[in-house]
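The values are calculated or read from the model by the stated rules, or taken from the named source; none is laboratory data. In this text the structure is predicted, and so the values were computed from the model without any measurement. As a convention, Cβ positions derive from the backbone with ideal geometry for all residues, glycine included, and neighbour counts pool all protein chains shown.
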Amino acid sequence: MPNRHATAAVLITVLAAVSACSRGGSNASPEPKEDVRLTVSGGCGDAFFWAMTPKGDVAVTVSVEARDRTAEAPTTIDLDLPHPEATVEVLRGQDLARNFCNDMILADSKPTDTQAVTAGTGSVTLDPPKDPGGYANCGTTSGRLRLRGLEAEDGTTFAPIDASTDQIGCYAG
């Protein structure tokens, strides 16, 4: 007759291993992360775009120097991120859009965390400038930001971003 204690010990070991696997033990696949969706957007200046969550707690900002673009046709700037001539940041905080395209910075809307972007591709397309610096033309020049495969330093990934604005050429102040 087999040793009952030895049989019980083997059975307990097997049950513990099966239980660990069903709870997500070392053999379980990690749950896929859901991409952050930024559905509210805008822009201003020469080429500043922003996109954020509806709650305003996560945002991506993109700034590219484009004052010297041609006045004859739209300008497209391809982005393979990180890009040396583009500043792309992931911001976390509350009510972040209150400080975008505004010269009056509100302390309670300052980001509590800012990260660089480590991957992504896309483009910025800008209509020709109307009258650079002319306030009467504010709101008459369009721009569009498209990004995909965006990833922040902490591994956060984002759904594709498609942000359009007619406020290119509008400056705070």
Which of the numbered conditions does A107 fail, given that it passes all the others? Conditions: (1) exposed (fewer than 12 other Cβ atoms within 10 Å of the Cβ); (2) modelled with pLDDT of 95 or more; (3) among the hydrophobic types (A, V, I, L, M, F, W, C). (2)
I'm checking my understanding of the structure. Among residues of the stretch 54-83 that are touching a Lys or Arg at 6+ places or on another chain (Cβ under 7 Å) and at pLDDT 95 or above, which one is nearest to L145 (Cα to Cα)? V58
Test for P129: is it in contact with a Gly (Cβ under 8 Å, 6 or more places away or on another chain) and either closer than 29 Å to T70 by Cα or exposed (fewer than 13 other Cβ atoms within 10 Å of the Cβ) (or both): yes
At pLDDT 95 or above and among the hydrophobic types (A, V, I, L, M, F, W, C): is that true of A51 in this structure? yes
Answer from G122, G149 - the residue that is of a type outside the set (K, R), buried (at least 16 other Cβ atoms within 10 Å of the Cβ) and modelled with pLDDT of 90 or more: G122
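Given the options K130, K110, name the one that is within 22 Å of C170 (Cα to Cα) and in contact with a helix residue (DSSP H, G or I) (Cβ under 6 Å, 6 or more places away or on another chain).
The unique qualifying residue is K130.
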